[in-house]
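Here is the structure we will look at.
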Amino acid sequence: MTGITGRYIQPKQVDDFYASCPGSVQIATLGQSVEGRNIQMAALGNGKLKILMWSQMHGNESTTTKAVLDAIAFLSSEEPFAAEILKKCQLRIIGMLNPDGALRYTRENANGVDLNRDAIEQTQPESVILRSAYEEFQPDFCFNLHDQRTIYNVGFSEQPATLSFLAPSMDEERTINKSREHSMQLIAAINDAMQNEIPGNIGRYDDAFNANCIGDTLQMLGTPTLLFEAGHFPGDYEREIVRKHVFHSLLVAISALSNESYLKNDVQSYFGIPENNKRYFDILIRNYSGGKKGDLEDIGILFREDLLEEQIHFVPYLQDRGELGAYFGHQTYDFSDQKDRKYLKNSPLSSLLDI
Ligand SMILES: [Zn+2]
């Protein structure tokens, strides 16, 4: 693992990491962001199979960046397993595609554009850089790496979606052609391996087609593409545990590609991964009465992620109230319980609850 931790990663930390890589990792500057920050790519290995991956297309999604840098550090080490992979693969990794958004901790780039809705028009320099890297390399596989919010659960279970995957669609009909089938087979292979690590915590994303999303566009162009989403693990708001799971998923994926073992999986095992639902609040308070008699309701609270003095602060806000029986909380309190009520009254949540 690299020494880069927490939710807020500055572009300079990634640049410094690249600068510290051994000579076996080639670092190239692909171009500049809207505000002139360098967008760099690491290249490793000299095998036949070509894999392109990029992280932090959304500036406030840093977990997979930590994981890809961990992967670069591991693969450039003396580990025999690393050498084996690099004999079979060529990896190109863009660790931080949206450095301006990363610095501001915003989803969008400096022009306020969501780069994952700019794949066709390519109005932004970051979109052009990614597309050029793709066209120049002509990869056999692409990994599109993101974070997802804490609101997702797996299927109808109370398990949070710690990792989620998607084999993006190539058209409105969600056709499964050979390229999409390969994405699905690879996800099934990752799921099989990762179920040992986080049983029940892996979900599948909805595959509605949107050509402006980069994954859908690349799938349309015939390159098997995978969407990775780093999600929530209980208590892990800094996403240091999830980072390890993403790192392992990356190694599993690269290894399954390099020995072609993923081809033994079928499409049905991909569809066997439960779809995600949005059933979580960060805090759920049951049986809230606000001091009045009768009229009990549930209160659903989420955390806003505010950047303040180079740190991310998790600020609670009221998201929903009423009958929330079908929902779960990463923390749950029962307002009718004296101990919980006392705790809430003395906590920072009291101003939000008006108690
Ligand atoms: Zn994203």
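The values are calculated or read from the model by the stated rules, or taken from the named source; none is laboratory data. No experiment lies behind these values; they were computed from the predicted model shown. Every residue, glycine as well, gets a Cβ built from its backbone with ideal geometry; the counts of neighbours run over all protein chains shown. Protein only, heavy atoms only, side chains kept; ligands, DNA and RNA dropped before computing areas. Shrake-Rupley method; radii C 1.70, N 1.55, O 1.52, S 1.80 Å.
Annotations for the structure displayed:
- Meets criteria (within 16 Å of the ligand (Cβ to nearest atom), closer than 12 Å to Glu229 by Cβ and hydroxyl-bearing (Ser, Thr, Tyr)) for Ser164: yes
- Per-region count, segment 211-244, residues farther than 26 Å from Gln159 by Cα, away from the ligand (no atom under 13 Å from the Cβ) and in a loop (DSSP other than H, G, I, E, B): 6
- Selection from segment 346-355 of residues that are surrounded by 13 or more Cβ atoms within 10 Å (Cβ to Cβ), free of Cβ contacts under 8 Å to residues at least 60 places away in the same chain and part of a helix (DSSP H, G or I): Leu352
- If the condition is being of a type in the set (A, V, I, L, M) and assigned to a loop (DSSP other than H, G, I, E, B), then segment 78-103 contributes Met96, Leu97.
- Only one entry of Gln122, Gln90, Gln138 meets the criterion of being open to solvent by 20 Å² or more (accessible area, probe 1.4 Å), touching a strand residue (DSSP E or B) at 6+ places or on another chain (Cβ under 8 Å) and on the phi > 0 side of the Ramachandran plot, and that entry is Gln138.
- The lone exception for Ile4 - which of (1) hydrophobic (A, V, I, L, M, F, W, C); (2) touching a residue at least 60 places away in the same chain (Cβ under 8 Å); (3) crowded, with 24+ Cβ neighbours inside 10 Å; (4) not in a strand (DSSP E or B) it fails: (3)
- Filter pass, Asn287 being assigned to a strand (DSSP E or B), on the phi > 0 side of the Ramachandran plot and open to solvent by less than 60 Å² (accessible area, probe 1.4 Å): yes
- Meets criteria (among the acidic types (Asp, Glu), within 14 Å of the ligand (Cβ to nearest atom) and within 22 Å of the chain's Cα centre (by Cα)) for Asp140: no
- Only one of Ile39, Ile85 that is under 19 Å from Leu251 (Cβ atoms), touching a residue at least 12 places away in the same chain (Cβ under 8 Å) and open to solvent by less than 20 Å² (accessible area, probe 1.4 Å): Ile85
- Residue list for segment 118-168, filter: under 23 Å from Leu302 (Cβ atoms) and either touching a Cys at 6+ places or on another chain (Cβ under 9 Å) or β-branched (Val, Ile, Thr) (or both): Thr150, Ile151, Val154, Thr162
- Single residue of Glu172, Glu158, Glu197 found to be among the charged types (D, E, K, R), closer than 23 Å to Phe247 by Cα, away from the ligand (no atom under 16 Å from the Cβ) and touching a residue at least 24 places away in the same chain (Cβ under 8 Å): Glu197
- The set of residues in segment 104-123 that are within 15 Å of the ligand (Cβ to nearest atom), in a loop (DSSP other than H, G, I, E, B) and among the charged types (D, E, K, R) comprises Arg107, Glu108, Asp114, Asp118.
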